[in-house]
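Participant: Questions regarding the structure given below will be posed in turn.
FYI, it's all coordinate maths here, none of it is from the lab. Computed from a predicted model, the values in this text were never measured in an experiment. Every residue, glycine among them, receives a Cβ derived from its backbone with ideal geometry; neighbour counts consider all protein chains shown.
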Amino acid sequence: MIYLFLSGKSSAYLDDIFTTLHLPSGMVHSYKFACMGQSSVVDVSAVKEKCEKGSAVMISYVDRTAEGDGRFYVPLRHGVLDGCELQDGQLYYDVCLQDYCHAEESDTYSMSLLNKFGRKTYHKRENGGPGGVLAIQNSEPSVEYITENPDVSWIKTAKVLAERGLFRDCCSIFTKMELTDRRGEPVRPIPRENSGYRLIMGKEYRLRISYYVPVFDADTMAIIPISLEDSREVCGVLKKQSYMESKQGKVDFRLCPTVKSDMQMTSLALSVKGEEGSRWKIRYAKGAVDVCTRARMRKGVKLAIIVCCLAGIGISSFLMGLPYGDIIKEANELPAGESLSWWNQFVYQICCGLDRYKHVYSSICGAVTTVATFFLVRFTGKAKL
């Protein structure tokens, strides 16, 4: 298992903490750690060459403001390594986020890490400076003292973080994003190569933002306006702005993707309005989630169905108006020695078949015309398709 620790002492690490709690399961997020010379915070066990795709990942917060030697850790989430890349002295761990988790006893969890890694993980040196690593790997397959409970893990972790000094010094807004379809079934992110979510044009979705705002304890009448930003305006956000009005709650945004092309890339991001003029320094997950909106069916498939419908209507109309009785009579009355051309012979065979099934063919042609007309109107008469 690869252990990644986020200190929050830089804007990138702090944003990673909020984003780790914000993103839904199945979404991939990249974590960056210095991996060069004396400034490296990556242990030799967790360098690129020793990290395998699919390895289990445990993401934790390490509190640098803790008293003593700073041995206080908060588990944030499980994950699976999706990739590892070394670039310009930085090691990027791409992690596919999994279930939320929490520690019933944070002190016990901290001691378990201390016993597991000794002085390798982050600690305060005798001169007061930081020491140790923030990325390390251990062969043990699981983490002790960790509980996975999708109903309570997120809020329990958020409440533990809210008590730490780093998050008390600002207005921390902990959020969790969930996307469901009209029936309430969860929508899972698509594989990473396609990026983010894939939404179908014309279908309705609900994006729920669950939130926890500790500062509302001090100001119970506070209101924080938030909005959902759609970079290309194709997700059909019906109500873009709402409000956080309590310490803990949820905000729902309804989505109905609109048509601009057969496939459109966009992104959705949470935005806190009035942040610049606020008396608080607001911190929250600002990262955008990639979304791909597409039509219900591919353009080529739609064109093929339209062509089939037109062909069905044309053939049915031709057969309904064909005077098969007269054609058969004329063919049977040909003078001796004369024969039909290949086309007339083809029409003659069709007419013989129609005469053989004259009691049902008109009904069949009528049904084909009705069905083909229905689908033709449906596929060409509704913009959402």
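Participant: State the extension gain, in nm to one decimal, for the chain segment bounded by Ile305 and Glu104, taking 0.36 nm per residue of separation less the distance between their alpha-carbons.
Facilitator: Here the segment from Ile305 to Glu104 would lengthen by 66.6 nm.
Participant: Computed FRET efficiency, Cβ-Cβ of Phe346 and Ala34, R0 45 Å: what is it to the nearest 0.05?
Facilitator: Calculated value: 0.05.
Participant: Can you give the charge dipole size of the chain about its Cα centre, rounded to the nearest 20 debye, using +1 on the beta carbon of Lys and Arg and -1 on the beta carbon of Asp and Glu?
Facilitator: Magnitude of the dipole: close to 740 debye.
Participant: Between Lys250 and Glu229, what FRET efficiency comes out of the Förster formula 1/(1 + (r/R0)^6) with R0 = 22 Å and r the beta carbon distance, rounded to 0.05?
Facilitator: The pair Glu229/Lys250 has a calculated efficiency of 0.75.
Participant: Next question, about the same structure. What pairs in Lys50/Lys159; Lys9/Lys250; Lys53/Lys239; Lys53/Lys116; Lys176/Lys281 have C-alpha atoms more than 32 Å from each other?
Facilitator: Lys50/Lys159; Lys53/Lys239
Participant: Next question. Provide Rg over Rh for the chain; use the alpha carbon set for both Rg and the Kirkwood Rh (inverse mean inverse pair distance).
Facilitator: Reported Rg/Rh (Cα atoms, Kirkwood Rh): 1.26.
Participant: Using a cut-off of under 16 Å, list every residue of segment 313-328 whose amide N is near the label point 7 Å from the Cα of Ile364 along the Cα-to-beta-carbon line.
Facilitator: 313-322, 324
Participant: Can you divide the C-alpha Rg of segment 299-381 by 2.2 N^0.38 Å and report the result to two decimal places?
Facilitator: 1.41
Participant: Further question on the same structure: For the chain, what does the helix formula give at 222 nm: sum of -39500 (n - 2.57) over DSSP H segments with n ≥ 4, over the residue count, nearest 500 deg cm²/dmol?
Facilitator: So the calculated ellipticity at 222 nm is -8500 deg cm²/dmol.
Participant: Determine, for Trp342, Trp154, the number of other Cβ atoms within 10 Å of each Cβ, and report the residues in order from fewest to most.
Facilitator: Starting with the residue having the fewest Cβ neighbours, the order is Trp342, Trp154.
Participant: Over the chain, what is the relative contact order in whole percent, taking alpha-carbon pairs under 8 Å and six or more residues apart?
Facilitator: Relative contact order for the chain comes out at 14 percent.
Participant: If R0 is 41 Å, what FRET efficiency do you get for Val47 and Lys159 from their C-beta distance, rounded to 0.05?
Facilitator: E between Val47 and Lys159, to the nearest 0.05, is 0.70.
Participant: Further question: Please build a GNM for the chain, connecting alpha carbons under 10 Å apart, and tell me which residue among Gln264, Gln349, Gln248 fluctuates the most.
Facilitator: Largest GNM mean-square fluctuation: Gln349.
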